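Remarks on the structure that follows.
The values are calculated or read from the model by the stated rules, or taken from the named source; none is laboratory data. All of these numbers come straight from a predicted model, not from anything done at the bench. Glycine gets a Cβ as well: all are built from the backbone with ideal geometry, and neighbour counts include every protein chain shown.
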Amino acid sequence: MMDQIIVQGGGALYGEIPITGAKNACLTLMPATLLTDEPLTLTNAPRLSDITTMTDLLGSLGAEVVSMQDGHVLAMSSHDLTSQTADYEIVRKMRASILVLGPLLARFGHAAVSLPGGCAIGARPVDLHLKAFEAMGAELDLRDGYVHAKAPAGGLRGAVIDFPIVSVGATENALMAATLAKGTTVLKNAAREPEIVDLAECLRRMGAQIEGEASGTITIQGVDALHGATHPVVTDRIELGTYMLLPAICGGEVECLGGRLDLLEAFAAKLDEAGVSVTQTERGIKTSHKTGRVRAVDVITEPFPGFPTDLQAQMMALMCTAEGTSVLEEKIFENRFMHAPELSRMGARIEVHGGHATVHGVDKLRGAPVMATDLRASISLILAGLAAEGETVVSRVYHLDRGYERVVRKLRGVGANLKRIKEAHPDE
């Protein structure tokens, strides 16, 4: 069976949407349980298929992961691990699986992790992760599709690691490994995403000594052991930004409960430039746009605190009906305009040249059958469908389950007209 989402366009949206914990933060926090034999509990966890995949991966290593309170609390323990090998059959489903390598290597002195898959938006190599571990004294051997890593006698050693480019995953992996390394580790040109700050806060709760996680230079003083902790997962800024766009693309007013502007300042500034009202409230973030088309704005994706690459597809959907011409430049990942041809099927005027997409706004999009190519493309097509005339049928929406919890229910809650159906597919 392959699901589809049927979207009926037209009509302003009003109401409130609760924002869940961040998928990308939770996927990073879960491997931190491997750093200690004491329990680690995460609250405000999202209920997503990627979280299930990470649960399966940790379970394959012998960790215990118990989901409680309707999936929003994860109680984990790695007191009795049975393996330090992350198998291909699980790792291939999701790139974040590589994040078990640093914790396993730091705590046990050795690990084998399959090279990851799980993404269709460019190469996204893991070499920066591996170079960081080599700087800390690890010996690495890539064979049979696996990274075999071994720490020197006495464990990983502190090092100065200067990343040639900003990498969220490499920063996270090195940060976790450094907590148990001997001596001081300095991560230069480190990622500054809220998920990095959240990981550092969690590791500190576990007894790690970390400074500067929001500055781009992180200093970690290694400790002999970490202990258990309870930590709330930070708000999902990508889900937040996605739903902040609803009034911009459909008209109306929506309050995103739990939203924080400091997580999305560059994105909020672009909405303001486009003529959308964005307000921090006591309960979250309220966006509104009552009449007329928004103004076209240019967007360049950049590492935090810049405009997030994970909101580029959604912003393109908005720009399809904006007044004027906008240029979106993708500087983080290659192959990340795969949604453009599908939006064009709905009447959008988009020209893609390498890392640039030029969008000429049109008066109205038209409903059409479209196919999602990845997670963010999926939601961008639903947004476009909400703005379009007539019916839009979005196929291959299983991508959505990786990053958006109960998306149909949340959209219906503010007045959107859409439904999810099962479709028998001969190739499935």
Of the conditions (1) over 20 Å from the mean Cα position of the chain (by Cα); (2) of a type outside the set (Val, Ile, Thr); (3) modelled with pLDDT of 95 or more, residue 32 satisfies every one except a single condition; which number is it? (1)
When restricted to 264, 257, the only residue in contact with a Pro (Cβ under 9 Å, 6 or more places away or on another chain), modelled with pLDDT of 95 or more and surrounded by fewer than 24 Cβ atoms within 10 Å (Cβ to Cβ) is 257
Report yes if some residue within the range 240-251 is under 21 Å from residue 322 (Cβ atoms), without any contact (Cβ under 8 Å) to a residue 60 or more places away in the chain and of a type outside the set (D, E, K, R); otherwise report no. yes
Return yes when residue 68 is surrounded by fewer than 16 Cβ atoms within 10 Å (Cβ to Cβ), among the aliphatic types (A, V, I, L, M) and at pLDDT below 95 and no when it is not. yes
The range 197-238, residues that are without any contact (Cβ under 8 Å) to a residue 60 or more places away in the chain and assigned to a helix (DSSP H, G or I): 197, 200, 201, 204, 205
Mind telling me which of the residues 366, 412 ends up being under 27 Å from residue 253 (Cα atoms), without any contact (Cβ under 8 Å) to a residue 12 or more places away in the chain and not aliphatic (A, V, I, L, M)? 412
Kindly indicate the residue of the range 293-352 that is within 18 Å of the chain's Cα centre (by Cα) and among the hydroxyl-bearing types (Ser, Thr, Tyr) and also farthest from residue 392 (Cα to Cα) among those meeting that condition. 301
Here are the criteria: (1) in the same structural domain as residue 389 (by TED's automatic domain parsing); (2) crowded, with 17+ Cβ neighbours inside 10 Å; (3) not polar (S, T, N, Q). Tell me which single one residue 202 does not satisfy. (1)
Scan the range 29-67 residue by residue and report those that are polar (S, T, N, Q), assigned to a strand (DSSP E or B) and farther than 23 Å from residue 409 by Cβ. 41
Among the residues of the range 294-326, write down those that are over 27 Å from residue 164 (Cβ atoms) and assigned to a strand (DSSP E or B). 295, 323, 325, 326
Please verify whether the range 188-196 includes one or more residues that are crowded, with 24+ Cβ neighbours inside 10 Å, part of a strand (DSSP E or B) and not hydroxyl-bearing (Ser, Thr, Tyr). no
Name the one entry in 414, 408 that is in contact with a Lys or Arg (Cβ under 6 Å, 6 or more places away or on another chain), surrounded by fewer than 23 Cβ atoms within 10 Å (Cβ to Cβ), at pLDDT 95 or above and assigned by TED's automatic domain parsing to the domain that holds residue 340. 408
Within the range 69-82, is there a residue that is in a helix (DSSP H, G or I), small (Gly, Ala, Ser), under 21 Å from the mean Cα position of the chain (by Cα) and not assigned by TED's automatic domain parsing to the domain that holds residue 374? no
